[in-house]
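The values are calculated or read from the model by the stated rules, or taken from the named source; none is laboratory data. Everything numeric here is computed off the predicted structure, so don't read it as measured data. Cβ placement follows ideal geometry from the backbone for every residue including glycine, while neighbour counts extend to all protein chains displayed. Only protein heavy atoms, including side chains, enter the accessible area calculation; ligands, DNA and RNA are left aside. Shrake-Rupley method; radii C 1.70, N 1.55, O 1.52, S 1.80 Å.
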Amino acid sequence: MALSLTQTDAVEKLLKPGMRVASLGYPDIISPTFPVEVEFRPDSEAICKRHGLPNRPIPDAHSYFKILGAELDVYDVVKERGCEILCDLNNVWWSHDDTYDIVLDVGTAEHCFNIGQALMNMAGMVKEGGYIIHENPASAGNHGFYNLNPTLFY
């Protein structure tokens, strides 16, 4: 899962200091441009290989968002990177009183069998007037359970 160039651009335009961001899956920062002060992932080589990129340093997502003045929480069904808050989007699970300014779907929804519930959980995570930014496939064979028509998001 990655924060694509399109998502990176959208996030940077929306982000204001003090905002809270939730990412569903760890958002690998694959943009070739990023703040100079950013920390890099020690597993950059493996991340590049996963995304078919030439080997280069990959920014740490928490460092990236901190430099932009935001707080990042990462949710996933496994602790692949070690920083994830465990959850299963297939089930009703969001019952917190606090919500996020931005929720990032960095290629997660199509992997949830109960996609309707996953989308409802995402909707429950974002505060009124906040944003959910999706990056899901429309025509990627043998990738996840679903390819999503843009009409779904409308």
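Which residue pairs have Cβ atoms under 9 Å apart, sit 6 or more places apart or on different chains, and have a first residue in region 50-67 that is over 14 Å from Pro32 (Cα atoms) and a second that is open to solvent by less than 10 Å² (accessible area, probe 1.4 Å) and assigned to a helix (DSSP H, G or I)?
Phe65/Val11
Tell me, yes or no, whether region 112-130 has at least one residue that is under 19 Å from Leu3 (Cα atoms) and either in a strand (DSSP E or B) or of a type in the set (D, E, K, R) (or both).
Taking every residue of region 112-130 in turn, at least one turns out to be under 19 Å from Leu3 (Cα atoms) and either in a strand (DSSP E or B) or of a type in the set (D, E, K, R) (or both).
Can you tell me which of (1) within 18 Å of Ala10 (Cα to Cα); (2) in contact with a Lys or Arg (Cβ under 6 Å, 6 or more places away or on another chain) is the one Phe65 doesn't meet?
(2)
Tell me which of these Glu135 doesn't satisfy, since it passes every other one: (1) open to solvent by 40 Å² or more (accessible area, probe 1.4 Å); (2) over 13 Å from Leu24 (Cα atoms); (3) touching a Ser or Thr at 6+ places or on another chain (Cβ under 8 Å).
(2)
Under the condition of being open to solvent by 60 Å² or more (accessible area, probe 1.4 Å) and among the hydrophobic types (A, V, I, L, M, F, W, C), which residue from region 138-148 is modelled with the lowest pLDDT?
Ala138
When you look at Val126, is it open to solvent by 20 Å² or more (accessible area, probe 1.4 Å), under 16 Å from Leu24 (Cα atoms) and in contact (Cβ under 8 Å) with a residue 12 or more places away in the chain, yes or no?
Considered against the rule, which asks whether it is open to solvent by 20 Å² or more (accessible area, probe 1.4 Å), under 16 Å from Leu24 (Cα atoms) and in contact (Cβ under 8 Å) with a residue 12 or more places away in the chain, Val126 comes out as yes.
Out of Thr151, Thr108, which single residue is of a type in the set (S, T, N, Q) and surrounded by fewer than 18 Cβ atoms within 10 Å (Cβ to Cβ)?
Thr151
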